[in-house]
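The values are calculated or read from the model by the stated rules, or taken from the named source; none is laboratory data. Worth saying up front: this structure is predicted, and the values here are computed from it rather than measured. Using ideal geometry, Cβ is built from the backbone for each residue, glycine included, and neighbour counts are taken over all protein chains shown.
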Amino acid sequence: MADRISPIEQGIPPVERVQTSRRSETAGQFGAVLSQERSEAVAFSKHAMARAEERGIELTPALMDQLTDSVERAQAKGATNILAFDATRAFIINVPHGRVITTMSQQEMQENIFTNIDGAVLLK
């Protein structure tokens, strides 16, 4: 009976090698997806979207690039909640989640004190 099994086993690759190669392919795919996700633009919470609309803040591709760059720079410095701003608008952003929490117009910035932030980034 062992003679009949031996020829079959020779044609089948060992299970460990097949699983190892699949794991490395999967790990590579996961890494690529993860790095792609990190490089995508920041997301807006429902609250931030509503505030941006109410306040007439247009979410252009250029602005989204600026916000993404702000988050990346803040991550490099270890910040967790930042104020990203320019002369006409401001955004409170949760850095680890890449999520804009709220937005403010120029008028509102003059009347507010910003709390619970550990960094500020001037939008370029």
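Taking each residue of segment 53-80 that is assigned by TED's automatic domain parsing to the domain that holds R99 and looking for partners that are surrounded by 10 or more Cβ atoms within 10 Å (Cβ to Cβ) and of a type in the set (F, W, Y) with beta-carbon atoms closer than 7 Å, six or more apart or interchain, yields L67/F91. Answer yes or no as to whether T88 is closer than 27 Å to Q110 by Cα, modelled with pLDDT of 95 or more and either assigned by TED's automatic domain parsing to the domain that holds F114 or touching a helix residue (DSSP H, G or I) at 6+ places or on another chain (Cβ under 9 Å) (or both). No: the conditions fail for T88. Restricting attention to segment 91-115, the residues that are modelled with pLDDT of 95 or more and of a type in the set (D, E, K, R) total 1.
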